[in-house]
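Below is one structure, written out as structure tokens, with a few remarks after it.
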Amino acid sequence: MDERQLEMIETAADWADRYDDLDEAGRRELARWLEQSPEHGRTFARMRQVLQDGALAEALESTASVVEVPIPELPRQRPSAMRPGLRRTGQEAPGLGRRQALAAGLAALAVVPLGSYFLFRNDKNVPASPLRFASAVGKRRHFTLPDGSGLLLDAASSVAVHFTADMRAVELERGAARFDVRHDAARPFEVRTPGANMTALGTSFSVDRLTGASELRVFSGRVRMAADGHDAFVVPAREWALFDGSATSRGNFDAETRPDWQNDWLDADSMRLGFAIERLARYSETPIRLGDPALASRTFSGRFRLDRPEQSLALIGALFGLEASRRADGIYLVTA
């Protein structure tokens with residue numbers, strides 16, 4: 001293993017160790033480093049896995065103590081010449097020795113087996129602890145995934161990212177997300193919801209997890225959608241597909257003027273009232289609910305502001321002769 005690889009591993013160790021405490025500027029700096037090379041992303045993901053698995057980290061540190069793996073000296077130049085992410089004020093950064101040991105142990109894996117420990121566990125090739133990304137109510141957030149792919153989370157949304165040497169899987173835990181996927185023919189990129197799996201075929205797309213349903217919108221390229229109990233099919237650019245647990249509906253949309261939630265608008269085209277309530281609720285600090293669940297399947301069309309959820313709720317309610325009623329536990333849309 002050459003000096004360049006060791007330098008990359010140690011830098012990844014530093015980023016991984018500080019990841020949870022990075023501010024927005026730090027995350028942008030990390031994103032730039034990840035975009036320099038797909039190898040950066042893979043090494044960063046591996047190091048995050050090491051740090052999240054205490055037993056594995058201990059094994060790597062022990063390995064570093066018995067295997068002769070050279071650890072490059074940290075640069076002593078002025079701050080502008082240092083590696084990205086390393087901050088110095090005359091003393092070494094806290095925890096640096098541990099990160100160097102972990103980096104050396106990770107490098108040692110190239111020449112020394114570690115018994116039952118691997119960077120990625122063998123059960124279904126899924127890491128033990130996924131990376132998680134989340135957004136708050138009313139706030140969308142941009143992230144860069146370990147492979148360099150872009151992630152935009154809708155408000156009140158979260159994903160769990162499982163990346164290994166052979167696959168890239170993202171579980172949409174709640175809400176909606178857009179993915180701008182970096183091509184990697186050796187590692188398919190798959191997004192999972194309770195009722196469907198979406199596999200990117202070199203593309204940009206969004207997935208919305210709703211109660212009992214999954215909606216896919218393709219902005220460029222193509223995505224293969226496999227819904228439970230149904231044959232898989234390919235959705236091309238500028239088309240959407242919604243699986244509600246029993247049937248699939250499809251249609252077209254204008255990706256430039258109607259990008260769905262990404263431009264603060266709820267674009268309803270025969271949208272179910274229940275789905276609209278879920279989407280508005282992501283932007284409201286006060287819970288928004290439908291008073292009568294039997295009304296959830298009623299449909300409507302129109303454009304409504306997501307960043308003004310209570311106003312939009314009142315406008316949508318008026319279409320059905322309903323009104324917004326504030327109660328102790330939230331705002332309910334009820335019969336006027």
Report yes if residue 179 is aromatic (Phe, Trp, Tyr) and open to solvent by less than 20 Å² (accessible area, probe 1.4 Å), otherwise no. yes
Go through the residues of the stretch 309-318 one by one and say whether even a single one is under 26 Å from residue 251 (Cβ atoms) and at pLDDT below 95. no
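Return yes when residue 163 is open to solvent by less than 20 Å² (accessible area, probe 1.4 Å), over 27 Å from residue 277 (Cα atoms) and at pLDDT below 90 and no when it is not.
yes
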Please find, among 268, 276, 232, the residue that is open to solvent by 40 Å² or more (accessible area, probe 1.4 Å) and either under 16 Å from residue 210 (Cβ atoms) or out of contact with any His (no Cβ under 8 Å at 6 or more places or on another chain) (or both). 232
Hey, does the stretch 238-255 have a residue that's under 19 Å from residue 174 (Cα atoms), touching a Gly at 6+ places or on another chain (Cβ under 9 Å), of a type outside the set (Gly, Ala, Ser) and open to solvent by less than 30 Å² (accessible area, probe 1.4 Å)? yes
Within the bounds of the stretch 315-330, is there any residue that is touching an Asp or Glu at 6+ places or on another chain (Cβ under 6 Å), on the phi < 0 side of the Ramachandran plot and not β-branched (Val, Ile, Thr)? yes
Flagged in the stretch 293-336 as charged (D, E, K, R) and under 33 Å from the mean Cα position of the chain (by Cα), in numbering order, are 298, 303, 305, 307, 308, 310, 329
Mind checking which residues of the stretch 162-213 are under 16 Å from residue 45 (Cβ atoms), in contact (Cβ under 8 Å) with a residue 60 or more places away in the chain and either touching an Asp or Glu at 6+ places or on another chain (Cβ under 8 Å) or hydroxyl-bearing (Ser, Thr, Tyr) (or both)? 163, 182, 184
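How many residues are of a type outside the set (Gly, Ala, Ser), part of a strand (DSSP E or B) and in contact with a helix residue (DSSP H, G or I) (Cβ under 7 Å, 6 or more places away or on another chain) when one looks only at the stretch 194-228?
2
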Can you tell me which residue in the stretch 286-306 is farthest from residue 253 (Cα to Cα), limited to those that are open to solvent by 70 Å² or more (accessible area, probe 1.4 Å) and not in a strand (DSSP E or B)? 292
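The values are calculated or read from the model by the stated rules, or taken from the named source; none is laboratory data. In this text, all values refer to a predicted model and were calculated from it rather than measured experimentally. With ideal geometry, Cβ positions are generated from the backbone for all residues, glycine too; neighbour counts draw on all protein chains shown. Keep in mind that these areas ignore ligands, DNA and RNA; they rest on the heavy atoms of the full protein, side chains included. Shrake-Rupley method; radii C 1.70, N 1.55, O 1.52, S 1.80 Å.
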